[in-house]
Amino acid sequence: MDDAKARIGLMAICSGFLIVTLDALIVNVALGPIVADLGGSLSGAQWVVSSYVLVFATFLLTMGAWSGRIGSRGAYLIGLGIFAVASAACAAAPTMATLIAARAVLPLVATIMTIAFTSARLIGWLGEWRSVIIGLCGGTAVGFSSPSSAATRPS
């Protein structure tokens, strides 16, 4: 495989992983102001977070099978496009109910992207770069989930 093509594939996969990870992190960090701006309650705040986790866990296997049928690269690109539209819907949500509904779409496509960029075929396509992507994705996930990360420190 051409080295330049592998680098572009690596950047696309890492970018997608970063987008999915940042989405979860940003909402958790900014949950207080989001609830205050939209006039929500504690129950609404719980649904903003819980709807993501519930849908992600529910559709992980289903989206894995679907991704395997249409191909990892195609599933990843479809997921990335829908994720962008759903993120814009979340940003423009005028009410808590609209935000919860839009947030329920994000994990559906996040599962598609997660399955696609961890699939054996896509990682195999990267050849010698596969160890780099696994290290970068794993390091990003650990770094963002670390309690000592800058985003979780009180100011």
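Overview of results
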{"quantity": "Extension gain, Ile26 back to Ala92 (0.36 nm per residue minus Cα-Cα distance, nm)", "calculated": "22.2 nm"}
{"quantity": "R0 of 41 Å, Cβ-Cβ distance Arg69-Ile19: FRET efficiency to nearest 0.05", "calculated": "0.95"}
{"quantity": "Highest-first arrangement of 25-33, 68-76, 100-108, 12-20, where packing means the average Cβ count within 10 Å", "calculated": "100-108, 12-20, 68-76, 25-33"}
{"quantity": "Percent of alpha-carbon pairs separated by more than 16 Å within the range 1-107", "calculated": "63 percent"}
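Bear in mind these aren't lab numbers, they're just calculated from the coordinates by the rules spelled out. It should be emphasised that the depicted structure is a prediction, and the values quoted were computed from it without experimental measurement. With ideal geometry, Cβ positions are generated from the backbone for all residues, glycine too; neighbour counts draw on all protein chains shown.
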